[in-house]
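Working notes for the structure below.
The values are calculated or read from the model by the stated rules, or taken from the named source; none is laboratory data. Since this is a predicted model, take the numbers as computed values, not measurements. For neighbour counting, all protein chains shown are included, and Cβ atoms are generated from backbone atoms with ideal geometry for every residue, glycine included. Protein only, heavy atoms only, side chains kept; ligands, DNA and RNA dropped before computing areas. Shrake-Rupley method; radii C 1.70, N 1.55, O 1.52, S 1.80 Å.
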Amino acid sequence: METIVLYPSPGMGHLISMVELGKFILKHHPFFKIVILIVPPSFNTGSTASYIDRVSAATKSITFRQLPPVSLELDSFSSMEAVIFEAIRLSNPHVHQALQHISLTTTITALIMDFFCTPAFSISTKLGIPTYYFCTSGVSSHAFFLYFPTIHRNTIKSFKDLNTIVHVPGLPPIPSSDVAKPILDRASTEYACFLDFSLYLPKSAGFIVNSFDSLEPKILKAVSEGSCNPDGATPPVFCVGPLLASEDRGGGTDDVHECLKWLDSQPSQSVVFLCFGSLGLFSDKQLKEIAIGLEKSEQRFLWVIRSPPSEDKSKRYLPPPEPDLDSLLPSGFLDRTKDLGFVVKSWAPQVEVLNHKSIGGFVTHCGWNSVLEAVWAGVPMVAWPLYAEQKFNRVVLVEDLKLALRINESEDGFVTAEEVESRVRELMDSDTGESIRKRTKEKEAEAKAAISEGGSSTVALANLIKSWKLG
Ligand code: UDP
C-alpha cells in the first residue's frame, strides 16, 4: 500500500483544504492511503476535533495522526502566524518520529505540506521522501513567495517602510504596504520564517495549488515559465482546485440555519452577504459604521457579526464571546432594518449562503477559501481585507482578475459609513457591479469545468500522480 502523508498547519481553513486535497486524490486514485498529521491545537482553531471525527467516519482511507502536544506561552507572541510557526517548529521531532513509524509498514510516496511546515523539509529530505508544498492561497501568493528572496536581496528596508510599488513577474503592481501582513516588518520572526519557506520552495518536488488554471492565467504562466525564480529552476505547478469544504464540515445537524430560511423569502440575487472569515473582528466603532452604511445603502443584507477583539492579551487567540447586538449596533438599527436585513451572531453556513439564489454580492475579507467559494457560487465581491495575505489578494482580485470592487479604508484601516454605502450600492446596483457579476459567473463555469472529468484540475492531479514513482 502506498501512503501519501499530508501535513497541514493548524487552523481550520488549512486543515479543510488539505482534507479536500486528500479526498480529491482518493476520488481519482482510490488505491492510496492518506495519513494526515495534526499539530494539536493550542489556540483557537475552530472545532477541529469534531471535524476530524466526521472525516474519519466518512472516508476510511483517510486517517489522522495526532502529534503530541507542545507547550506555548500564547501571550508572548506578536501574531497568530508567529504562534503557528513556533508550534510547527516544536513539533518537528514528532513529525520525524511519525514519518519513521509510518515508513515501517508502508512506502511514503509523497509528503505534501503547508508552507508553515517548512521545518519538516530537512527531515523528509533525509528520509528520501519526495516533498511537495500545498498552497492554500492562490497561484499569486505562490508567485510572490518564489520572488520574495529576490526582493529581500534588493533592499535593506522593511516593506512597511519602503513606500513603493513592488513588481513581481506576472502580478499586478503591489503597493509595498499591501504584501502579506506577517512580512511587513523585516525584523520579525514571521518575516524570517516566510523567507526560509521561500528559499525551500524551489527545492520542493512541486507546488500543489488550490486554484485552477484559468483563474490566474497570467500569473500561472509567469510561475511556470520560471520568471518568478530568477535564481534557478522552478518545480512544476499543479493547480488542482477549487478544493472546497464539503458537507462533513457542518455541525452534523440536519436543521436548516435560520438565515437560509430568511434567504428563501428574498428576491433572487438581491441580498449582499457580509462575512469576514474565521478570525475577522471589528471594533465597536467600526461595527456601528458598517450598520449606518448598510442602512443608508437601502440594499438587502445578511451580516455575520462577532464581538470586538478582547482587550485582554491572553484572550487574543480564543473565540470571542457571543456578541451583544443591542450594545454593538446603533440604537433601533435592528428594528428599522427588519424588512431588509438579517443579522447572524458569530458564524453562518457561508458555503450554503453563497450558493443561495437570493445572494447577489459578498463583502469579504479576501481569505482564499472565501474567494474560491464566492467564485464557485458566481457571486461578485467587495474586497475588505483584514489580516494575513488578504490585502495582497485584494490587489490581485481587483486589479488583475476583476472579480471584486475595492473598499477604501483610511491608513489605520477604518472604513466610513459612506464608503460602505457606496461600495455596496455599486456592487448591487450599477453597471460596474453588473460587469463584475458577469465575469464572476464566467469564472464559476470555468471552476466547475476544471474539476470535472477531463478538466484542467483533474488532469493536473493525474499528472501529479503519474510523476510519483509508484512501487
Ligand atoms: N466560514 C463560515 N462561516 C463564517 C465564517 C467563515 O463558514 O461565519 C468559513 C468560510 O466558508 C471559509 C472559512 O470559514 O471556508 C474561512 O476561510 P478563509 O480562507 O476565507 O479565511 P480565514 O478564516 O482562513 O481567514
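Observations
- Annotation: the antiparallel percentage among DSSP beta bridges lying fully within the chain is about 5.
- With contributions of -39500 (n - 2.57) from each DSSP H run of at least four residues, the per-residue ellipticity at 222 nm computed over the chain stands at -12500 deg cm²/dmol.
- On Cα atoms only, tilt of 48-58 relative to the major axis of the chain in degrees: 70
- Anisotropy class of segment 72-131 from Cα gyration tensor, a/c 1.5 cut: prolate
- With each label modelled as a point 7 angstrom along the Cα→C-beta vector, the LEU104-ALA192 pair spans 3.6 nm.
- Theoretical FRET efficiency, 1/(1+(r/R0)^6), r = Cβ-Cβ of ASP339 and ALA445, R0 60 Å, to 0.05: 0.95
- Using heavy atoms of the protein chains and a probe of 1.4 Å, the accessible area assigned to SER283 is about 60 Å².
- Taken about its Cα centre, segment 1-151 carries a charge dipole of roughly 520 debye when the Cβ of each Lys and Arg holds +1 and the Cβ of each Asp and Glu holds -1.
- For segment 299-309, 3J(HN,Hα) computed residue by residue from phi via the Karplus equation (6.51, -1.76, 1.60; θ = phi - 60°) reads 9, 6, 9, 10, 10, 8, 10, 10, 5, x, x Hz, glycine and proline entered as x.
- Average accessible surface for the chain: 41 Å² per residue, computed with a 1.4 Å probe over protein heavy atoms with every protein chain in place.
- Pairwise FRET efficiency - ASP185 versus VAL459, Cβ, R0 = 45 Å, nearest 0.05: 0.65
- Cα gyration tensor category, rounded, prolate or oblate, for segment 9-143 with a/c compared to 1.5: rounded
- Cubic angstrom per residue, convex hull over Cα atoms of the chain: 140
- Computed with a 1.4 Å probe on the full set of protein chains, the accessible area for ILE174 sits at about 0 Å².
- In the chain, the longest principal axis of the Cα atoms and the axis of helix 368-377 are about 70 degrees apart.
- The alpha-carbon of LYS285 sits under 21 angstrom from the alpha-carbons of these lysines, leaving out residues fewer than 8 places away in its chain: LYS296, LYS313, LYS315, LYS345.
- Gap separating the Cα centres of segment 266-283 and segment 150-176, nearest whole Å: 32
- A protection proxy built from the mean count of other Cβ atoms within 10 Å ranks the segments 321-328, 206-213, 273-280, 180-187, most packed first, as 206-213, 273-280, 180-187, 321-328.
- Cα long-axis angle, helix 189-200 against the chain (0 to 90 degrees, to the nearest 10): 50
- Bins of 10 Å, starting at 0 and running to the largest distance - Cα pair percent for segment 327-442: 13, 43, 36, 8, 0
- VAL256 versus GLN66: modelled label distance in nm, points set 7 Å from Cα along the beta carbon direction: 3.7
- Estimated distance in nm for a label pair at SER56 and GLU352, the labels positioned 7 Å out from Cα along Cα-to-Cβ: 2.6
- Expressed as a whole percent, the accessible area of the chain that falls on carbon and sulfur atoms is 54 (1.4 Å probe).
- Taking amide hydrogens as placed 1.01 Å from N in the peptide plane, the amide H of CYS135 sits under 5 Å from those of ILE208, VAL209, ASN210, each at least 5 positions away in sequence or on another chain.
- Between SER268 and THR125, the contour length at 0.36 nm per residue exceeds the alpha carbon distance by 46.1 nm.
- Computed extension gain for ASP429 through THR155, at 0.36 nm per residue and net of the alpha carbon distance, reaches 94.2 nm.
- Net length available on complete extension from LEU325 to ARG89 is 80.9 nm, with 0.36 nm assigned per residue and the Cα-Cα distance removed.
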